[in-house]
Amino acid sequence: MRVVHPVVGPVDLDCQVLLAQEADQRLALFTPPPGSDTADRLTLLPVLDTERFPSKVG
């Protein structure tokens with residue numbers, strides 16, 4: 001799955017779905033693919049979220 005984050009840009013994620021025995025509940029896990037730079041960019045989110053960047057004018 002590809003998600004476009006407004007700060008770090010495109011983020012590729014793998015998805016695994018786990019089912020409960022009764023099959024009435026599902027848990028979706030989204031993780032960065034091994035060897036991708038997605039994990040590095042996701043670790044920037046707590047830092048970037050605290051920064052406020054000025055809007056471009058004009």
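Brief remarks follow.
- First in region 25-36 and of a type in the set (D, E, K, R), second anywhere and surrounded by fewer than 11 Cβ atoms within 10 Å (Cβ to Cβ), Cβ under 8 Å, 6 or more apart: ARG26/VAL17; ARG26/LEU18; ARG26/LEU19; ARG26/ALA20
- Those residues of region 1-44 which are loosely packed, with under 11 Cβ neighbours inside 10 Å, touching an Asp or Glu at 6+ places or on another chain (Cβ under 9 Å) and in a strand (DSSP E or B), in sequence order: ARG2, LEU29
Values in this text are rule-based calculations from the coordinates and carry no lab data. Being a predicted model, the structure only gives us computed values, none of them experimental. Note that we place each Cβ from the backbone using ideal geometry, even for glycine, and neighbour counts take in every protein chain shown.
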